[in-house]
Every structure is written in structure tokens, then in C-alpha cells.
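The values are calculated or read from the model by the stated rules, or taken from the named source; none is laboratory data. Just so you know, these numbers come straight off a predicted model, no measurement behind them. For the accessible areas, the whole protein counts, side chains as well, though only heavy atoms, and no ligand, DNA or RNA atoms are used. Shrake-Rupley method; radii C 1.70, N 1.55, O 1.52, S 1.80 Å.
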Amino acid sequence: MTTVLIVDDQPLQRFGFRVLLDSISETEVVGEAAHGAEAVRKTAELRPDVVLMDVRMPGMDGIEATRRITAAGGRSRVLVLTTFDLDEYVHAALRAGASGFLLKDARPEELLAGIRAVAAGDAVIAPALTRRLLDEYAQHVPARRSDSEEDPRLDALTEREREILVAIGKGWTNGEIATRFVVSESTVKTHVGRVLAKIGARDRIQAVILAYDLGLAGPGAG
């Protein structure tokens, strides 16, 4: 059973999410919040597996709420809901520690799959957003290093693990990575897990950020 806290300032939106999640035996809605401050408080109180987080809300917005929730170091992971015209918020939420992003017009099965993935410790970005977000993100990161191979976070990686990190940075799925390197998806999952552990990344999204920061992925990367 995956427990979920729904955060959205629109009552009708919260109602719709609750109806969907309550209709599935594997999810349980443990609470609702109408703004960021309430989300932070209820996350600490209820300790849900996943916080379904809106971005634009009165008072404390979803970005600041995400930052406070992840900084607390609890078990809850944040799945942010966004729209195409909110790319700038997505970049900020990446830095705040969100574990995933979905569009509000996602199909029910996509939302449920996203919740499952985030609860399992993976990261998820809506397919329609992945390439766009990565391209846009590349324009918002600081000047990237040209000597990324000297970064201590990469020292422990094998050559194949470095290749896996580059692939993650490019937004490739496990299936795409498996095809590229002619290995099974289970092998890819093992490699990804080792890469995340060695670079100290909480999830796949943090690995993407690192790959961009070090110039391993994005426009101009080798």
C-alpha cells in the first residue's frame, strides 16, 4: 500500500485525485493540503510515501514546500505536477529535491505509474517533458567544468558506469540504455543503482543534474 498526501489549492482538483487514488487498492490517500505550509506540516505528521505536489499555490508555493520536505530528511518523496508553461518552476523543483514531474493532463495510468515509481525510490518525468526539460535545464545550470573527469564524485565509477551516467543525463530510459549497450534491463538497473550510490545521488533526477553540471550531458557535451 502506497500512502499519498494530495497538495493542491483547488478543491475540485484534490477531489479528482482522491477519487482516482481511492479507486485503486494499492494506494491510500492519507490527507490533503491546500498550500505549501500545510503540506510541510502534514508531511511531517502523516509521513506519506508520496506527496503529490502542485506548484502554484497561495502563500508558500510547491517549490519551497518541496525544499523543506526533502531537507527534513524524511521518507516522503515529492511528485510535482506541472504544465508546459511552468518550465522555470520545474528547474527550481529539481534543485529543491523533487523525485518526479508529471503534467496535470496525464492519463490516470500515467499518474499511478508515476506514484509507484517515486514510492519505489525511482524518479519519473513525463515522457512529453523529458527532452524539453533536459534541453531547458542545460540553459539554466552554471558554467560547466571542462575537467569533469577530475571531479571526486566520478573517481569511483568504472568506465561502464560513467557511460551509464552519461546515458542517464541524456534522459534515456533503462530500455534505451539496455538496447544501446546490448545488455538486459535488469543489468542496467544494477548499474544505475551502483552509479547512484557512488555519486551520492538520491535518485535518477539528481544524477541528471550532476551529469549536466559536470558537462557529461547536454549541448556541447562530449
>> Can you say what percent of the DSSP beta bridges in the stretch 1-119, counting only those with both residues inside, are antiparallel? Round to 5.
In response: 0
> Over all directions, what mean area does the Cα convex hull of the stretch 32-89 project, stated in square nanometres?
Replying inline: 3.7
>> Counting only Cα atoms, I'd like the Rg/Rh figure for the stretch 1-127, Kirkwood definition for Rh.
In response: 0.91
>> Let me check something: with ligands and nucleic acids excluded, how do E110, E38, E45 order by accessible area (1.4 Å probe), largest to smallest?
In response: E45, E110, E38
> Which cross-chain or sequence-distant (5 or more) residues have an amide H under 5 Å from the amide H of T27, H modelled 1.01 Å from N in plane?
Replying inline: T2
>> With θ taken as phi - 60° and the coefficients 6.51, -1.76 and 1.60, list the Karplus ³J(HN,Hα) couplings across the stretch 60-73 in order, rounded to whole Hz; mark glycine and proline as x.
In response: 6, 7, x, 5, 5, 4, 4, 4, 6, 5, 6, 5, 5, x
>> Taking the alpha-carbon distance from K170 and a cut-off under 26 Å, which lysines remain once sequence neighbours fewer than 8 residues away in the same chain are dropped?
In response: K104, K189, K198
> Using the Karplus equation 6.51 cos²θ - 1.76 cosθ + 1.60 (θ = phi - 60°), what ³J(HN,Hα) coupling, rounded to whole Hz, does each residue of the stretch 183-193 give in order, writing x for Gly and Pro?
Replying inline: 9, 7, 5, 5, 5, 4, 4, 5, 4, 4, x
>> Need one value: the accessible area of S25 in square angstrom, 1.4 angstrom probe, rounded to the nearest 10.
In response: 100
>> Compute the distance from the alpha-carbon center of the stretch 153-211 to that of the stretch 1-39, in whole Å.
In response: 32
> If eta is 1.002 mPa s and T is 20 °C, what Stokes-Einstein diffusion coefficient results for the stretch 159-222, Kirkwood Rh from Cα pairs, in µm²/s?
Replying inline: 186
>> Give me a comma-separated list of calculated 3J(HN,Hα) values for the stretch 106-112, in order, Karplus coefficients 6.51, -1.76, 1.60 applied at θ = phi - 60°, integers in Hz, x for any Gly or Pro.
In response: 4, 5, x, 5, 5, 5, 5
>> I'd like the carbon and sulfur percentage of the solvent accessible area for the stretch 157-220, probe radius 1.4 Å, heavy atoms only, ligands and nucleic acids excluded.
In response: 52
> Can you list the residues, at least 5 places off or on another chain, whose amide H is less than 5 Å from the amide H of V78, using H built in the peptide plane?
Replying inline: V51, S99
